[in-house]
Amino acid sequence: MPRKVQRDAGRTRTRILASALALFAKKGYVHTTFTDIAARLKMTKGAVYWHFESKQALLVALLDEMLAKFRRQIVELLPDGETSFDGLSFPVVADMMVRNAVRIIGDPKGTAFFLLVHEQVQWADASMDSVREDLMRNERFGPWAAFKTAVANDVRDGRVRKDADPVQVASVCVAIFDGLVHARIAHLLQCDMEDTLRKSFEAVWESVRDDRRQT
């Protein structure tokens, strides 16, 4: 395929994904059709099918794109000189995730994605089983992998108790992150999200910190 054709196809695919995100977040995944997506872009339904064989394939591509975007944003928040989560402590990662949450709620695509995932997809539907399982296993979002690595680092270096489970702590932190960000986007949170998120992570840190260390 010629380079220009590839470039144009890539741009069209990006436009389709953006249109799908906006419509899925507003109307719901079930109630949005390829005709709706095409009409929003002044394209034919066939043009949308040329890029995505089904609505579920489009949803999977959209999830992949947004998770990759969120991970890039997290990597951009790494301390100077760091290229990965290796060596980072829990407090450093917690601060990164608070700043990332602030960026998400200030990004229209980020807020639309959270509304889509939380409110507009019927995850209990059997047709969503494979998509849901892939999403739950997906570490590309970043926060879960970052917290797990940080807690493992802290266990190794004696900053937290030896019995602290990195997987469990990471899961709790992601649940806090996910819940508070969604509550803020859905206007269900009356307090300051950034401050509440920081204090929540501090509470988790205090619950696993090795009291013999004052780190």
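The values are calculated or read from the model by the stated rules, or taken from the named source; none is laboratory data. The structure presented is a predicted model; accordingly, all values stated were derived computationally and were not measured. Quick reminder, even Gly has a Cβ in these numbers, built from the backbone with ideal geometry, and neighbours come from all protein chains shown.
Kindly establish whether PHE85 is closer than 30 Å to ARG156 by Cα, touching a Ser or Thr at 6+ places or on another chain (Cβ under 7 Å) and either hydrophobic (A, V, I, L, M, F, W, C) or free of Cβ contacts under 8 Å to residues at least 24 places away in the same chain (or both). Answer is yes for this residue. One residue is enough: does segment 34-54 have a residue meeting the conditions out of contact with any Phe, Trp or Tyr (no Cβ under 7 Å at 6 or more places or on another chain) and either touching a residue at least 60 places away in the same chain (Cβ under 8 Å) or under 21 Å from ILE105 (Cβ atoms) (or both)? Checking segment 34-54: not a single residue is out of contact with any Phe, Trp or Tyr (no Cβ under 7 Å at 6 or more places or on another chain) and either touching a residue at least 60 places away in the same chain (Cβ under 8 Å) or under 21 Å from ILE105 (Cβ atoms) (or both).
What are the residues in segment 74-93 that are out of contact with any Phe, Trp or Tyr (no Cβ under 9 Å at 6 or more places or on another chain), surrounded by 17 or more Cβ atoms within 10 Å (Cβ to Cβ) and assigned to a helix (DSSP H, G or I), if any? Listed by number, the list holds a single entry, VAL92.
A search for C-beta distances below 6 Å between a residue of segment 127-143 that is farther than 26 Å from ASP86 by Cβ and any residue that is part of a loop (DSSP other than H, G, I, E, B) and modelled with pLDDT of 70 or more, counting only pairs 6+ apart in sequence or on different chains, returns ARG132/TRP123.
Selection within segment 146-176: residues that are among the hydrophobic types (A, V, I, L, M, F, W, C) and free of Cβ contacts under 8 Å to residues at least 24 places away in the same chain. The member of this set that is farthest from ASP86 (Cα to Cα) is ALA175. Of everything in segment 32-44 that is exposed (fewer than 14 other Cβ atoms within 10 Å of the Cβ) and in contact with a helix residue (DSSP H, G or I) (Cβ under 9 Å, 6 or more places away or on another chain), the residue that is nearest to GLU119 (Cα to Cα) is THR35.
Does ARG13 satisfy the condition of being in contact with a Leu (Cβ under 8 Å, 6 or more places away or on another chain) and surrounded by 16 or more Cβ atoms within 10 Å (Cβ to Cβ)? No: the conditions fail for ARG13.
Taken over segment 80-109, the residue count meeting the criterion of being closer than 20 Å to CYS173 by Cα and at pLDDT below 90 is 4.
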